[in-house]
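Beneath this line is the structure, given in structure tokens, with notes to follow.
The values are calculated or read from the model by the stated rules, or taken from the named source; none is laboratory data. Since the structure is predicted, the reported quantities are computational estimates derived from the model, not experimental observations. All Cβ positions, glycine included, derive from the backbone under ideal geometry; neighbour counts span all protein chains shown.
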Amino acid sequence: MKSEKEKMLAGEPFVPWDGELGADRIYLQERLQKLNSERCVKITENGDLLAEILPNCPRGTLVRPPFYCDYGYNISCGERVFFNYNCTILDVGKVRIGSCVLIGPNVQIYAVAHPMDAAERGKGHEWGVDVTIGDDCWIGGGAVICPGVTIGDRCVIGAGAVVTKDVPDDVVVAGNPARIIRRLR
């Protein structure tokens with residue numbers, strides 16, 4: 001029988017109040033509290049606090065606190081990624097971020113889903129829905145990236161956009177819901 005953590009990592013419905021997952025969140029929250037008292041933090045060669053929070057992100061990943069996430073280990077990114085102030089990532093599912101990505105202040109990335117039916121939702125299950133952001137993207141301040149969205153390479157997501165559907169390469173999207181407002185190539 002699978003543990004709740006194994007179900008989560010497999011993208012299956014699970015109960016988030018499981019002891020093992022609770023311990024993972026406590027471990028992370030203690031580190032986030034320390035991180036969020038800093039001014040600006042970069043993953044260095046020395047296995048520092050940010051590397052513990054984001055173990056699948058390379059040296060040079062830059063975060064301006066405060067920064068929030070559920071687990072940290074479900075977030076991976078390429079080289080030269082920047083998270084501006086107050087970024088929130090609900091990383092129940094995988095969040096894959098390419099290289100050379102700028103993430104503006106107050107950006108929210110949701111890789112989690114809940115049942116639409118109220119009775120089912122009341123049972124407490126949730127599941128991960130992966131989010132992917134391609135290389136060379138700029139995610140404008142206050143944007144919301146919804147569960148299951150893939151953003152292509154070289155995209156600009158306008159400030160305040162709510163991205164509910166996949167975004168092809170080389171476009172600018174804006175609005176709520178976000179829509180293509182121009183092509184870049």
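Exactly one residue out of Val107, Val63, Val92, Val81 is in contact with a helix residue (DSSP H, G or I) (Cβ under 9 Å, 6 or more places away or on another chain), of a type outside the set (S, T, N, Q) and at pLDDT 95 or above: that is Val92. Against the numbered list (1) in contact with a Pro (Cβ under 7 Å, 6 or more places away or on another chain); (2) on the phi > 0 side of the Ramachandran plot; (3) among the charged types (D, E, K, R), Arg80 comes up short only at (1).
Within the range 1-39, work out how many residues are within 18 Å of the chain's Cα centre (by Cα) and among the acidic types (Asp, Glu). Residues in the range 1-39 being within 18 Å of the chain's Cα centre (by Cα) and among the acidic types (Asp, Glu): 1 in total. Scanning the range 58-86 for residues that are assigned to a loop (DSSP other than H, G, I, E, B) and among the hydroxyl-bearing types (Ser, Thr, Tyr) yields Thr61, Tyr71, Tyr73, Tyr85.
Yes/no matrix, rows are residues, columns are (1) in contact with a Cys (Cβ under 9 Å, 6 or more places away or on another chain); (2) in contact (Cβ under 8 Å) with a residue 40 or more places away in the chain:
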site	(1), (2)
Tyr27	no, no
Leu49	no, no
Gly78	yes, yes
Val81	yes, no
Val92	no, yes
Gly98	yes, yes
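Every residue, every condition in (1) out of contact with any Leu (no Cβ under 6 Å at 6 or more places or on another chain); (2) at pLDDT 95 or above; (3) within 25 Å of Asn74 (Cβ to Cβ), yes or no:
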position	(1), (2), (3)
Lys123	yes, no, yes
Val129	yes, yes, yes
Trp138	no, yes, yes
Asp153	yes, yes, yes
Gly158	yes, yes, no
Asp169	yes, yes, yes
Ala178	yes, yes, yes
Ile181	yes, yes, no
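Checking each residue in the range 114-152 for being of a type in the set (Phe, Trp, Tyr) and farther than 19 Å from Leu184 by Cβ picks out only Trp127.
Residues checked against (1) in contact with a Phe, Trp or Tyr (Cβ under 6 Å, 6 or more places away or on another chain); (2) buried (at least 18 other Cβ atoms within 10 Å of the Cβ):
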{"position": "Ile103", "(1), (2)": "yes, yes"}
{"position": "Ala111", "(1), (2)": "no, yes"}
{"position": "Arg121", "(1), (2)": "no, no"}
{"position": "Trp127", "(1), (2)": "no, yes"}
{"position": "Gly142", "(1), (2)": "no, no"}
{"position": "Ile145", "(1), (2)": "no, yes"}
{"position": "Val149", "(1), (2)": "no, yes"}
{"position": "Ala161", "(1), (2)": "no, yes"}
{"position": "Asp166", "(1), (2)": "no, no"}
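Note on the range 87-185: enclosed strands (runs of 3 or more DSSP E) holding 1 or more residues that are of a type in the set (Ser, Thr, Tyr) are 87-90, 108-110, 131-133. Contact annotation: residue pairs with Cβ atoms under 7 Å, 6 or more positions apart or on different chains, pairing a residue in the range 103-127 that is under 22 Å from Gly160 (Cβ atoms) with a partner that is modelled with pLDDT of 90 or more and of a type in the set (Phe, Trp, Tyr), are Ile103/Phe82; Ile103/Phe83; Pro105/Tyr85. The requirement of being charged (D, E, K, R), farther than 30 Å from Met116 by Cα and loosely packed, with under 14 Cβ neighbours inside 10 Å is not satisfied by Glu52.
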